[in-house]
Amino acid sequence: MTISGATISEYIDLQASEYKEICEQLRDIISNNLPRATNKIWHAHPVWFLDGNPIVGFSVQKPGVRLMFWSGADFDESDLQPGSGKFKDASIVYTDVQQINNKDVARWLQKSQTIQWDYKNLVKNKGLLKNKIRSN
């Protein structure tokens, strides 16, 4: 599946029917809660950025639709599972649209605006993450 240069809507349209509704709902929740964010297909899946720093994205994988927060490991949220430990990401996987709790996702998106690690400058910082605290 080629998605280079695709829009988020095109990405969603390419997904299997069981995941389209999940992707659409996540896109809507993210867009409504991060109105200042820009978004694009990045590393083959939809990602939202604040000032060039990746904040949240989702991707369709074998287990389901993974909603990932780049700094989510520091959100202190039990439903978000930390990634590999190399970075500060955390995620949740959905297999049915009914599993999505809009209030939880909105809370995580609020936290994503104030709790951020500086992924934008990862290369410049020679692979070291530096905490970047934002204020709204």
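The values are calculated or read from the model by the stated rules, or taken from the named source; none is laboratory data. This one's a predicted model, so the numbers in the text were calculated from it and none came from an experiment. Backbone-built Cβ (ideal geometry, glycine too); neighbour counts: all protein chains shown.
Please specify each residue of segment 39-61 satisfying the condition of being surrounded by 12 or more Cβ atoms within 10 Å (Cβ to Cβ) and under 16 Å from Gln116 (Cα atoms).
Val47, Trp48, Phe49, Leu50, Asp51, Asn53, Pro54, Ile55, Val56, Gly57
Residues that are more than 23 Å from Asn101 (Cβ to Cβ), touching a helix residue (DSSP H, G or I) at 6+ places or on another chain (Cβ under 7 Å) and of a type in the set (A, V, I, L, M): does segment 11-32 have at least one?
Scanning segment 11-32 turns up no residue that is more than 23 Å from Asn101 (Cβ to Cβ), touching a helix residue (DSSP H, G or I) at 6+ places or on another chain (Cβ under 7 Å) and of a type in the set (A, V, I, L, M).
Quick check on this structure: which one of Phe58, Phe49 is over 16 Å from Asn101 (Cα atoms), of a type in the set (A, V, I, L, M, F, W, C) and either within 11 Å of the chain's Cα centre (by Cα) or modelled with pLDDT of 95 or more (or both)? Steps first, please.
Working: Phe58 fails: over 16 Å from Asn101 (Cα atoms).
None of the other options fit; the residue is Phe49.
Yes or no: segment 18-27 includes at least one residue that is of a type outside the set (Asp, Glu), farther than 20 Å from Leu80 by Cα, at pLDDT below 95 and in a helix (DSSP H, G or I).
From segment 18-27, those of a type outside the set (Asp, Glu) are 19-20, 22-23, 25-27; that's our starting set.
Right, trim to farther than 20 Å from Leu80 by Cα and you get 20.
Those still in the list that are at pLDDT below 95 too: none.
No: zero hits.
Looking at Tyr94, Tyr19, which one is over 13 Å from Ser112 (Cβ atoms), aromatic (Phe, Trp, Tyr) and touching a residue at least 60 places away in the same chain (Cβ under 8 Å)?
The unique qualifying residue is Tyr94.
Go through segment 69-85 and report how many residues are assigned to a strand (DSSP E or B) and either of a type in the set (Lys, Arg) or crowded, with 21+ Cβ neighbours inside 10 Å (or both). Show your work before the answer.
Applying the first criterion (assigned to a strand (DSSP E or B)) to segment 69-85 yields 69, 81-82.
Filter again for either of a type in the set (Lys, Arg) or crowded, with 21+ Cβ neighbours inside 10 Å (or both), leaving 69.
Residues flagged as assigned to a strand (DSSP E or B) and either of a type in the set (Lys, Arg) or crowded, with 21+ Cβ neighbours inside 10 Å (or both) within segment 69-85 amount to 1.
Here are some residues: Arg36, Arg66, Arg107. Which one is within 12 Å of the chain's Cα centre (by Cα) and without any contact (Cβ under 8 Å) to a residue 40 or more places away in the chain?
Being within 12 Å of the chain's Cα centre (by Cα) and without any contact (Cβ under 8 Å) to a residue 40 or more places away in the chain holds for just one of Arg36, Arg66, Arg107, which is Arg66.
Take the residues of segment 97-136 that are charged (D, E, K, R) and at pLDDT 85 or above: which is farthest from Gly64 (Cα to Cα)?
Lys111
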